[in-house]
Amino acid sequence: MSIVTGTFFYAEPGTAYAVQYPWGGQKAVFRQGIHTKMWGRLIPIQFELPIKYVIPTSEGNLGEQSEYANVDAAKYWAFSDAVKARIATSVVISINTEDEGQFLSVADRNKTEENLIRSRIIPNIDQSIKNTCKLMDAQDYISGQASDFDRFFRDQLENGMYVLEEYTADEQREIIGDSSTVRTVVNKESKQKRFRIKHSVDGVPIREEGNSLKGYGLTVVQAVVTEIDWEETFDKRLQLQKEEVAQTQLEKQQAEREFYRAQKEKARGEAEKAAERARLEKEQIQKTIAAETEAKVAEFNLVKEKKQFEVEKFKAQSKKVAADAEAYQNAKLVNAGLTPQERAEWEYKKAVGVARELKELRLPEIFIEGSGTSKSSDNTLLQSLIGADLAKQMMSKEKK
């Protein structure tokens, strides 16, 4: 059994092995299964190394984590505005299984997987977090630059640490969340120190030499910030800001409500004005149509009267022309003279007419003839009246 266990070993899946022989040789094993080691030393390293910083619970527990993950409690880091916070991260590092020589070199220099994590990977993670915190304020982070934090953090892990340069923000701003705001300390005014990434002439970020995971053939598979636990004073300030923002939003909504209410009243007034205008225009149109109708009727009546006048005038002219024609004819006939037959007919008609008139004539039964002299006029009148009365009595007796 001693010979077998010293000669062979079983390679676990997902793990690379560096086998160092007693006589100084070494080899890399990347495939699972049984392999020879010839009493050599084994250095197992996982293909992917999960490393986590976890914020402890109120009981101090780190929670349920994978047994394969290297878990530590999250540390406190200071942002550029001196606000401190515990930052929980989740990082996954992959080893190089394509280049056997590089893998053996890393395994030989670090001896164990734990040494590789503690001496190479974690210091790079810490340095990346520290540099990234220097590049922004805590207020910047919560104001929308969380994605920039993750980007700076991963870029430094993959390609090396930034070289930072210090500068002073002279411009004073009053925008909430701006990290360039000049702050005042009790009895002393100071300008906050700021850091930015130093760039080359070509605009490429300058990085620290020899401080990169790439030199060990390590690749960053994942690097994200999972949680931030701000210090209590900042939490209180955030709460006040949230309340202020909420109050501001409430006042803004109330102002908008008043604005829209005013717009509604204005629209209602415009609608009423439009309705009144429409009503007046309708009345105006009705009156206009009535006036136009009356004017057209009057015009029609005028035309009718004019036509009637012309008709009557034409009739009168026709009658006049007929009368003139008849008079002209009669005059011609008079001038021309009547024939014996026409004259006899005319005399006959004349005699018949005279007879008809005499037949219809009623003469007085008693006729009194007066005297022609004026002297005896009174006596004669009296005598005539007496005689007429006597004659009337005599005639009535005869009729009986």
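Excluding same-chain residues fewer than 8 positions from Lys332, which lysines have a Cα within less than 24 Å of its Cα?
Within the straight-line cut-off, Lys332 pairs with Lys319, Lys320, Lys349, Lys350.
Please turn the phi angles of the range 243-251 into ³J(HN,Hα) values with the Karplus equation 6.51 cos²θ - 1.76 cosθ + 1.60 (θ = phi - 60°), one per residue in order, whole Hz, x for glycine and proline.
Couplings: 5, 5, 5, 4, 5, 4, 4, 5, 5 Hz.
Student exercise: in the range 242-297, how many lysine pairs 8 or more apart or on different chains have Cα atoms under 15 Å apart?
Values: Lys242/Lys252; Lys264/Lys273; Lys273/Lys282; Lys287/Lys296.
Lysine pairs, 8 or more places apart or on different chains, close enough: 4.
Would you mind checking Lys52/Lys75; Lys130/Lys214; Lys52/Lys130; Lys75/Lys198; Lys27/Lys52 for any pair whose Cα atoms are more than 22 angstrom apart?
Working: Lys52/Lys75 11 Å; Lys130/Lys214 20 Å; Lys52/Lys130 16 Å; Lys75/Lys198 27 Å; Lys27/Lys52 31 Å.
In this structure, Lys75/Lys198; Lys27/Lys52 exceed 22 Å between Cα atoms.
Could I get the Rg over Rh figure for the range 42-113? Both from C-alpha atoms, Rh via Kirkwood, rounded to two places. Let's see the in-between values first.
Values: Rg = 16.3 Å, Rh = 14.6 Å.
Answer for the range 42-113: 1.12.
Starting from the Cα gyration tensor of the range 76-142, take the square roots of the eigenvalues, sort them a ≥ b ≥ c, and report rounded, prolate or oblate (rounded when a/c is under 1.5, otherwise prolate if a/b is larger than b/c, else oblate).
Prolate, because a/c is 1.5 or more and a/b exceeds b/c.
Taken together, the values in this text are just the output of simple stated rules run on the coordinates, not laboratory data. Every value quoted in this text rests on a predicted model; they were computed, and no experiment measured them.
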